[in-house]
1. Going by accessible area, probe 1.4 Å, with all protein chains left in place, what is the ranking of S25, S124, S103, largest first?
2. Rounded to a whole number, what % of the accessible area of the chain do carbon and sulfur atoms account for, probe 1.4 Å?
3. Give me a comma-separated list of calculated 3J(HN,Hα) values for segment 82-96, in order, Karplus coefficients 6.51, -1.76, 1.60 applied at θ = phi - 60°, integers in Hz, x for any Gly or Pro.
4. Taking 8 Å as the Cα distance limit and 6 or more residues as the minimum spacing, I'd like the relative contact order of segment 20-124 as a percentage.
5. Quick check for the chain: number of Lys pairs with alpha-carbon distance under 22 Å, counting only pairs 8 or more apart or on different chains?
6. Once you've got the GNM for the chain with C-alpha springs shorter than 10 Å, pick whichever of L85, L20, L11 has the biggest mean-square fluctuation.
7. Accessible area per residue, 1.4 Å probe, Å², for the chain: what's the number?
8. How large is ³J(HN,Hα) for each residue in segment 6-17, as worked out from phi by the Karplus curve 6.51 cos²θ - 1.76 cosθ + 1.60 (θ = phi - 60°), to whole Hz, x for Gly and Pro?
Amino acid sequence: QVQLVESGGGLVQAGGSLRLSCAASGGTFSLAAMGWFRRAPGKERSFVGRISQNSGTDFADSVKGRFTISRDNAKNTVYLQMNNLKPEDTAVYYCAATKPFHSGSYYEDGYHYWGQGTQVTVSS
């Protein structure tokens with residue numbers, strides 16, 4: 001069973017940066033596409049970005065140019081680098097993984113495994 005554990009969340013001032021990590025175990029990480037989603041207070045969980053098996057990325061318009069995603073297959077870890085954070089980025093951030101050889105998606109049902117989430121709070 002694949003397990004995903006996020007870390008790196010916290011409180012940061014607007015304009016600051018955070019890097020979230022998602023460590024995977026129990027599967028073949030390099031064969032999975034990975035996604036990041038977030039749930040802001042009072043809102044549904046929404047797509048943030050994704051990275052394919054060959055490290056291609058794309059992002060939601062709201063974070064494009066500010067967030068990047070990378071993966072280290074040797075460490076079974078995917079990263080979400082968040083720069084120029086805004087108060088509206090406040091949310092619980094979740095990483096997600098597909099089964100091997102599946103493509104990532106903009107939608108939650110495109111992923112098979114989820115982490116427990118990590119809180120990011122951006123103060124104004």
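The values are calculated or read from the model by the stated rules, or taken from the named source; none is laboratory data. Because the structure is a prediction, the values reported are computed rather than measured. Areas reflect the complete protein model, heavy atoms only, side chains present, ligands, DNA and RNA absent. Shrake-Rupley method; radii C 1.70, N 1.55, O 1.52, S 1.80 Å.
1. On the way: S25 55, S124 135, S103 90 Å².
Per-residue accessible area, sorted high to low, gives S124, S103, S25.
2. On the way: 2940 of 6240 Å².
The nonpolar share, carbon plus sulfur, comes to 47 percent.
3. Result, rounded to whole Hz: 10, 10, 6, 5, 10, x, 6, 7, 4, 4, 8, 9, 10, 9, 9.
4. Here the relative contact order equals 32 percent.
5. 4
6. Its mean-square fluctuation being the largest, the pick is L11.
7. 50 Å²
8. Per-residue couplings from phi come out as 8, 8, x, x, x, 9, 9, 7, 3, x, x, 10 Hz.
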